[in-house]
1. When you go through B:Phe233, B:Phe229 one by one, which is the residue that is among the aromatic types (Phe, Trp, Tyr), within 14 Å of chain A (Cβ to nearest Cβ), touching a Phe, Trp or Tyr at 6+ places or on another chain (Cβ under 8 Å) and assigned to a helix (DSSP H, G or I)?
2. Going by the conditions given, is B:Leu298 away from chain A (no Cβ under 14 Å), under 17 Å from B:Val124 (Cβ atoms) and not in a loop (DSSP other than H, G, I, E, B)?
3. Determine whether B:Asp236 is under 25 Å from B:Gly142 (Cβ atoms) and either crowded, with 23+ Cβ neighbours inside 10 Å or of a type in the set (D, E, K, R) (or both).
4. Hey, could you check the stretch B:285-325 for residues that are of a type in the set (Asp, Glu) and closer than 16 Å to B:Val90 by Cα and say which is modelled with the lowest pLDDT?
5. Scan the stretch A:161-172 and tell me whether some residue there is closer than 28 Å to A:Leu201 by Cα, touching a helix residue (DSSP H, G or I) at 6+ places or on another chain (Cβ under 7 Å) and within 14 Å of another protein chain (Cβ to nearest Cβ).
6. Would you check which residues across the stretch A:268-310 are among the small types (Gly, Ala, Ser) and within 14 Å of chain B (Cβ to nearest Cβ) and list them?
7. Quick one: what pairs do we get from the stretch A:1-12, first residue more than 7 Å from chain B (Cβ to nearest Cβ), second β-branched (Val, Ile, Thr) and not in a helix (DSSP H, G or I), C-beta under 7 Å, 6+ apart or different chains?
8. Go through the stretch A:75-94 and report how many residues are touching a helix residue (DSSP H, G or I) at 6+ places or on another chain (Cβ under 6 Å) and facing another protein chain (nearest Cβ under 8 Å).
Amino acid sequence: MLSSTAKNLYWMGRYLQRAKSTARLIEATQRMALQSRGEEAAGVAAIFGMEDEFRQTQQQGGRLASLIDFLVVDESNPSSIVSSIAAARSNAREERNNITVDVWESLNGLWLELSSRMRSDRATLDRGALIETVKKQAVMIFGAAQVTLLRDEAYNFLQLGAFLERGDNTARILDVKFHLLRPDGNPHADKPDYFAWSEVLACIGAVRTYRRIYRSALDPVKVAELMMLRRDVPRSVHHCLWMVDLSMRELADAYGTRGEADRLAGELHARLRYARVDRIFEIGLAKFLGGVRDDIATLSDEIGRQFLLD
Amino acid sequence: MAAKAFDEMGTTGSIRAPYRSVANWLARTSPERVAATRHEVDLFYRRHGITFGAYGAVDGHETTIPFDIIPRVIAWDEWQYLHKGLVQRVQALNAFLVDAYGAREICRAGVIPETQILMNGEFVAMAQGLALPGGVHAHIAGIDLVRVGEKDFYVLEDNVRTPSGVSYVLENREVMMRLAPELFSAMRVLPVADYSEELLATLRSVSFSDDAEPTVVLLTPGHFNSAYFEHAFLADEMGIDLCEGSDLFVDEGRVYMRTPRGPQRVDVIYRRVDDAFLDPLAMRPDSFLGVAGLLGALRAGRVNIVNALGNGVADDKSTYTYVPEMIRFYLGEEPILQNVPTWRCDRPDDYKYVLEHLTELVVKEVHGSGGKGMLVGPTSSKAEIEDFAHLVRARPDNYIAQPTLALSTCPTFVGQGVAPRHVDLRPYVLSGRKVTIIPGGLTRVALKEGSLVVNSSQGGGTKDTWVLAPEAGSGE
C-alpha cells in the first residue's frame, strides 16, 4: 500500500468524524438554546477554536443562527460540515480502489445529497434536515466500513484518523463547556444546572448512557469521568485512545517496526486508562485536558513522520 | 445518408438473426418500464461515481456518459472474423514499432519512407534500440471499427498510446445484467468480466525481472484527469496500487513506491500519463505528473513501461494508410480487416482531389483526436467548408481525407421512443506473451439524429456490446 493511500484514508477518517461531531454538537446546542436563555454562540465558537474567525465573518457578532451557518454550510470555512464532507469524499475518490463499493457509495451519496441541498435557495435551506442527514449517513458510512473493509493496513489508517479526531473532539467539548459552566474549575461550587449538564452529555450523545451507568442525578464530576475515562463509552477520550493504540499495534505487527508514534500512543492510552477523576480535578481539569490534546496533536504529526505521509 | 445506412437489427419482417430476442424484448416492454429503467441507470452511474470529464464542466464536477440500454449484438461468426483481423493488425503494429525503434528494415525495403517515422512529432529518440520484453510495444490497443454493410467492416483508427474506455465495457455489462436479466437469459452472451485478470497477466508477462510475481502499478495523472474513474476502477479490479508521480521515485536506476513500510520495488508501470509528462528529466521539465529518472530505469532494463514510449508513430492518421503494407511486409499475409480508403493531402494528386470534393469527404487532422479538428463535408455549411479549405491549403501534410461512410445504425432509446442511431466499435487487444481480446468491446453511439460523431466529448453515448456464443452444433 502507498503512503499516499494511508494519508488519504487517515484524513478521510478525520474529516468524516469531524463532520459527524460537529453535526451532533450543533444539534445539542440548538436544543440548549431553545430550553434556556443565554447566547450559546460564543461557547460553540470556542469549542471549534474559532472565536476570532467567527467574529471576523460576523460583523454584527454573536448570533447563534449565523454561527450555525458558518459551521454547517459555509464553504469558505474548511472545518464546516459541507467542507469536511467534500474533503472526505475527495480523499475517498482518490482511493476508490482501496475502499469497498459500500463505503464509497454511502459517502458519495451523502456528498451528492449535500451538494443538491446546497444548490437550493439558502433562505429556505432546512439546516435541521441537513444536520440530521449528515448524522445518519455518517453512521452508515462508518457502519459500511466496519462491515465490509478488509482488516488490513488501510483499515487501520482509517481507524487512526477517525478515533484521533473523535478523542480530540470529546476532550475539546468537555474542556470548553466545563470552563463555561464552572469558570473557577471547582466542580462542587453550587447546585448543578440540569439542562446545562445534560446538554454537555448530549454533545456526545450520552445522556441516556449517563443514566444507565450512574443511575443518579447529573453531577459534573461524573460527567467529566464519563466523557474522559469510561472505556465502555464509545466517544470517551479513553475509548478513542484505546482504539488508536490498538490500530498502532496492528500496524507495528504488520510492519515489524516501532517508532515514536507507537510510544506516544501507548503512553496516551495508559494515561487515560490509569487516571482517577478526583486526581484530575486536583491538578486541574483544564491542565489535564490541555496536555492530552497537545499530545494528540503531536501524535498526529508523529504518525505522519513515521509512515512517510508528508 | 442516414436512410441508406445498414441497420444492425434489420426492419420489421426481416429482423436479423442475432437481434431476434432484442426485437421481441422491445416489443414486449412498456414505455413506462423503459423510462423507469433509464432513470435507474442514471442513478446507478451517479452513485457509483462512474464519471467522465472533470475538465471544463461548469461547476468543476463530474458528468456521466449517457448509457443506452438496448444492447448492440454481434454474432459469433462475425466476431470470429473480427478477432482474426484484430490479432493480425496488432501483431503488425507491434512488429512495426520494434522496427521503427530498431533497424527500420521497412524503410530500407522502400515500403515506408524513413521521414514518416523520424519526422513524426510523436517519435521518441530515447526509445531507440530498446529490447522490450516479448517484443511488445502496444500492450493495450483499442482499434476503432465501423460497419457499413452485412459483411463490411473497416478500421477507422488504431489507438496504441493510452486507449481508454474499457471500464465502460465492464460497468455497462454489470448494469445490463442488473436491469434486463430476462433479456440476458434469453440469449447466450459471452462474458467480459475477465478483462482485468487478462490485463494483469499481460502486464506481469512483460516484466524485465524473472520474479514470478512482479510488482505492477498503475500510474495516473491524478483525480483531475477525465479518465480518473477508469484508472481507479482498473487498479481496484487488478488489486494493484494506483500511483501518482509523487508516489514513485528512482534510486540507483530502480523504481520504488513510497509505502508506510518503506520503499517497495516496482517492475512494471501501466501508465495512463502521456509520453511528454512521464519523466521531467528526459521529456518536459515542467511536468509534475511524472517520475524523474524513469526513462533511465527503463533503458537500464529495470522497469517496463506500458504502453511503450513513442507509440504515436504507429497510430497517427498518416501512418494509418501504411498499415495494410505493414501486414504484408511483416507477416506476409493479406489484411483481413480493411482500411477506409484515405487520401493524404501531402500527395499532390490526393490534395487536388480532396480540395475538389470537400463537400463529400470527411477531413481530419493527422494528429487530431476526440472528434475535434475535423470536417464532415456533407453536413457542413459552405462557410465552414471554405474555412477548412484554408487550413488544408496552409498545411496539406497535416490533413487526410476519407469518404463519408454510412456507419451502421442500432436501435437506440431517444426522447420519443426507439430510433436508429449510428455506432462504432472499439475492441481492446491485449498483447503480452500472448494476444487476448475480450469478446466485443466498447460500442459508442451518436445520440444526435443523423450524427456520425460518436465521441463522448461530442455528445456520444455507449451501449453494452453482446457477442453471442456459438449455436450448439455449429462446430465451433
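1. Numbers: B:Phe233 fails: touching a Phe, Trp or Tyr at 6+ places or on another chain (Cβ under 8 Å).
From the options B:Phe233, B:Phe229, the qualifying one is B:Phe229.
2. In short, yes.
3. For B:Asp236, the condition - under 25 Å from B:Gly142 (Cβ atoms) and either crowded, with 23+ Cβ neighbours inside 10 Å or of a type in the set (D, E, K, R) (or both) - is met.
4. Step by step, filter the stretch B:285-325, then rank; the result is B:Asp316.
5. So far as the stretch A:161-172 goes, yes, one or more of its residues are closer than 28 Å to A:Leu201 by Cα, touching a helix residue (DSSP H, G or I) at 6+ places or on another chain (Cβ under 7 Å) and within 14 Å of another protein chain (Cβ to nearest Cβ).
6. Filtering the stretch A:268-310 down to residues among the small types (Gly, Ala, Ser) leaves A:270, A:275, A:284, A:286, A:290-291, A:297, A:300, A:304.
Answer for the stretch A:268-310, where residues must be among the small types (Gly, Ala, Ser) and within 14 Å of chain B (Cβ to nearest Cβ): just A:Gly304.
7. Partner pairs satisfying both residue conditions: none exist.
8. Qualifying residue count, the stretch A:75-94: 1.
The values are calculated or read from the model by the stated rules, or taken from the named source; none is laboratory data. Keep in mind that this is a model prediction, so the values were computed, not measured. So basically every Cβ, Gly included, is an ideal-geometry build from the backbone, and we count neighbours across all protein chains shown.
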